[in-house]
Structure formats: C-alpha cells, structure tokens
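The values are calculated or read from the model by the stated rules, or taken from the named source; none is laboratory data. Small disclaimer: the values here were computed from a predicted structure and weren't measured. Cβ placement follows ideal geometry from the backbone for every residue including glycine, while neighbour counts extend to all protein chains displayed. Note: areas computed on protein heavy atoms with side chains; ligands, DNA, RNA excluded. Shrake-Rupley method; radii C 1.70, N 1.55, O 1.52, S 1.80 Å.
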Amino acid sequence: FVGVQAGSYAVAVFEDRNGNGVLDTNVFGVPTEGVAFSRDARGRLGPPSFETAGFVHGSEATRLHLRAVY
C-alpha cells in the first residue's frame with residue numbers, strides 16, 4: 001500500500017478459495033479458508049485482539065509477514 005499515514009494498524013486477510021467474497025466457516029464458526037493476521041497473531045476463540053495483532057507504522061516503509069492459518 002502506498003501513502004498510508006503513520007499510525008497504529010492491524011491487518012487481517014483471508015484466502016477466498018472459492019471466490020464467493022466471504023470467509024467460509026464450518027458449523028462451529030471455524031474458518032475453512034486460510035486466514036492471516038499481522039504480527040503472526042492468533043486468537044484463542046476467535047480473531048486476535050488489536051493489541052496482539054497491532055503494529056506502529058511510521059514514516060519509513062513497514063514490512064509485514066503474513067502466514068496463513070488453516
């Protein structure tokens with residue numbers, strides 16, 4: 001992303017394998033498609049908190065490494 005202002009952010013992404021535009025889940029609400037969060041954060045019973053996944057982006061470039069969790 002270009003032109004992102006300095007500040008605190010958290011990133012969450014998912015892999016839309018079937019192209020339906022939504023994160024698919026099983027009957028228990030567990031994702032059946034890959035999900036990833038900044039700082040390699042993981043939640044216990046849901047997505048991680050902002051405090052866990054958050055990071056500070058300054059005026060320099062910020063690199064993120066996102067690993068999909070299946």
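Quick look at the values:
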| item | result |
| --- | --- |
| Flag for ALA53 being modelled with pLDDT of 85 or more and not basic (Lys, Arg) | yes |
| Every residue from segment 7-31 that is open to solvent by 70 Å² or more (accessible area, probe 1.4 Å), out of contact with any Pro (no Cβ under 9 Å at 6 or more places or on another chain) and either over 19 Å from ALA53 (Cβ atoms) or not hydroxyl-bearing (Ser, Thr, Tyr) (or both) | GLU15, ARG17, ASN18, ASN20, VAL22, VAL27, PHE28, VAL30 |
| Number of the condition not met by GLY58 [criteria: (1) modelled with pLDDT under 90; (2) surrounded by 10 or more Cβ atoms within 10 Å (Cβ to Cβ)] | (2) |
| Hits in segment 1-46 - residues which are farther than 14 Å from LEU64 by Cα and basic (Lys, Arg) | ARG17, ARG42, ARG44 |
| Segment 32-44, residues that are surrounded by 15 or more Cβ atoms within 10 Å (Cβ to Cβ) and not in a loop (DSSP other than H, G, I, E, B) | VAL35, ALA36, PHE37, SER38, ARG39 |
